[in-house]
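Have a look at the structure below before the remarks.
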Amino acid sequence: MMIERYQLATLCQRLAEPRRFMQVLTGPRQTGKTTLIQQALKKFPGPTRYGSADAPGLEESLWVEQLWDQARRDARWGAETLLVLDEVQKIPRWSEVVKRLWDEDTLSGAAVKLVVLGSAPLLLQRGLTESLAGRFEVLPVTHWQYAEMHEAFGWDLDHYIFFGGYPGAASLVADEERWRNYIQDSLIETTIARDVLLLTRVDKPALLRRLFDLSCRYSGQILSYQKMVGQLQEAGNTTTLAHYLDLLGAAGMVTGLEKYAGNRLRQRASSPKLSVYNTALLSATQADSFVSVRGQPRIWGRWVESAVGAHLLNIARLEGFSCHYWREANEEVDYVLERRGQLIALEVKSGRPRETPSGLLKWRKSYPNSRVALVGTGGITLEEFFTTSPLF
């Protein structure tokens with residue numbers, strides 16, 4: 001059974017407020033957006049209307065207008081009505097239609113509250129920024145965290161680090177080959193094909209796919225764009241790779257963390273630290289089994305660092321901080337978190353305990369007012385880290 005996600009309380013609270021903004025739920029595929037809204041619909045005190053653009057019926061704007069008219073009729077009886085449009089990005093020029101209807105209700109005082117869902121963050125965000133500025137609030141729906149997978153499926157931390165946070169795949173982990181095929185076919189390929197290639201101009205789709213595989217293979221490592229060009233045996237320029245990496249990041253798959261430099265221009269010019277948003281993507285694209293990876297401390301350390309990075313990337317959207325890495329000469333800090341001028345430097349350790357890493361000592365000299373922490377051996381336990389917020 002699906003558990004109630006932490007965003008549910010926030011959504012219900014917003015829907016209980018006077019009608020000010022439409023609510024937008026956006027995030028990667030199979031992270032529970034539709035389940036979340038179904039739970040919210042049951043809690044809403046007034047009439048509700050739900051429609052999905054996946055279902056057959058009227059096409060294009062007529063589908064939206066018909067549902068909206070039904071919600072308006074419900075609202076005429078004096079009760080606030082909740083209208084939910086799921087997978088709305090599949091409707092051509094959807095944002096223009098929604099803007100017109102929303103503004104009509106604003107002028108007339110119609111008590112229709114709106115929630116919009118979409119599994120294609122790139123296209124959904126484009127519609128929001130082009131037509132709906134000032135009319136919406138975004139509620140990010142992220143990959144599942146350890147506490148949720150533990151509560152829903154009884155996973156221990158090791159299983160979460162390797163198999164990641166896709167609830168729909170949890171029942172398949174006993175058969176790793178079947179689990180791997182499901183992740184590759186139903187999640188990776190579907191996301192790339194439907195949420196990136198069909199919705200955004202990509203001149204070299206094969207290169208984007210190879211870049212995704214490379215990013216998974218080097219997750220947790222710093223890799224310059226020039227080295228990526230060499231690894232991919234691609235004559236294209238580094239600007240194209242940076243753009244494709246941004247697209248994959250917007251789809252909630254992989255990203256390149258920027259080096260923290262205290263200067264935005266210098267950060268953008270840095271070599272990226274590659275990171276998956278969900279360690280299932282790392283494990284499903286590798287040949288090694290869970291038992292094999294867990295039994296090799298050096299390799300397992302890579303999975304642990306990738307899991308820490310994925311956790312930070314997902315909760316960064318919820319808690320409003322940015323995530324970077326730091327390097328100076330041969331000294332490095334795994335992750336640097338920044339929020340409103342506050343800095344926290346994190347170093348991940350999964351092996352034997354030892355003295356404070358030299359990278360943290362070097363960082364502390366450069367940024368004496370920041371906070372530093374070890375995650376794992378000798379510091380905050382992994383169990384504690386994955387079940388709490390990152391120290392802010």
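What the table shows:
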read-out: Every residue from the stretch 99-120 that is surrounded by fewer than 22 Cβ atoms within 10 Å (Cβ to Cβ), in a loop (DSSP other than H, G, I, E, B) and in contact with a helix residue (DSSP H, G or I) (Cβ under 8 Å, 6 or more places away or on another chain); value: Ala110, Ala111
read-out: Residue count for the stretch 331-356, restricted to those that are free of Cβ contacts under 8 Å to residues at least 24 places away in the same chain and of a type outside the set (Val, Ile, Thr); value: 3
read-out: Check on Asp54, in contact with a Lys or Arg (Cβ under 8 Å, 6 or more places away or on another chain) and surrounded by fewer than 16 Cβ atoms within 10 Å (Cβ to Cβ); value: yes
read-out: Among residues of the stretch 202-237, those that are exposed (fewer than 13 other Cβ atoms within 10 Å of the Cβ) and either outside any loop (DSSP other than H, G, I, E, B) or of a type in the set (Gly, Ala, Ser) (or both), counted; value: 5
read-out: Matching residues in the stretch 308-340 - criterion: being part of a helix (DSSP H, G or I) and touching a strand residue (DSSP E or B) at 6+ places or on another chain (Cβ under 9 Å); value: Val308, Gly309, Ala310, Leu312, Leu313, Asn314, Ala316, Arg317, Leu318, Glu319
read-out: Leu199 being in a loop (DSSP other than H, G, I, E, B), over 24 Å from Val308 (Cα atoms), touching a residue at least 12 places away in the same chain (Cβ under 8 Å) and of a type outside the set (Val, Ile, Thr); value: yes
read-out: Members of the stretch 156-169 that are crowded, with 20+ Cβ neighbours inside 10 Å and hydrophobic (A, V, I, L, M, F, W, C); value: Ile161, Phe162, Phe163, Ala169
read-out: Flag if Ser270 is over 14 Å from His143 (Cα atoms), in the same structural domain as Ala170 (by TED's automatic domain parsing), assigned to a loop (DSSP other than H, G, I, E, B) and free of Cβ contacts under 8 Å to residues at least 40 places away in the same chain; value: yes
read-out: Flag if Ser292 is of a type in the set (Gly, Ala, Ser) and surrounded by fewer than 23 Cβ atoms within 10 Å (Cβ to Cβ); value: yes
read-out: Boolean, Arg76 is over 19 Å from Pro28 (Cβ atoms) and modelled with pLDDT under 90; value: yes
read-out: Search result, residues across the stretch 45-98 that are within 23 Å of Asp195 (Cβ to Cβ) and assigned to a helix (DSSP H, G or I); value: Glu60, Ser61, Trp63, Val64, Val88, Gln89, Lys90, Trp94, Ser95, Glu96, Val97, Val98
read-out: Checklist (1) farther than 26 Å from Arg298 by Cα; (2) among the polar types (S, T, N, Q); (3) within 19 Å of the chain's Cα centre (by Cα) applied to Thr255, failing item; value: (1)
read-out: Those residues of the stretch 28-80 which are touching a Ser or Thr at 6+ places or on another chain (Cβ under 6 Å) and closer than 30 Å to Met149 by Cα, in sequence order; value: Arg29, Leu41
read-out: Residue identified as touching a residue at least 24 places away in the same chain (Cβ under 8 Å), within 28 Å of the chain's Cα centre (by Cα), buried (at least 20 other Cβ atoms within 10 Å of the Cβ) and in the same structural domain as Val115 (by TED's automatic domain parsing) among Leu41, Leu11; value: Leu11
read-out: Matching residues in the stretch 135-185 - criterion: being acidic (Asp, Glu), closer than 24 Å to Ile299 by Cβ and touching a strand residue (DSSP E or B) at 6+ places or on another chain (Cβ under 9 Å); value: none
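The values are calculated or read from the model by the stated rules, or taken from the named source; none is laboratory data. If you're wondering where the values come from, they're calculated on a predicted model, not measured in any experiment. Glycine gets a Cβ as well: all are built from the backbone with ideal geometry, and neighbour counts include every protein chain shown.
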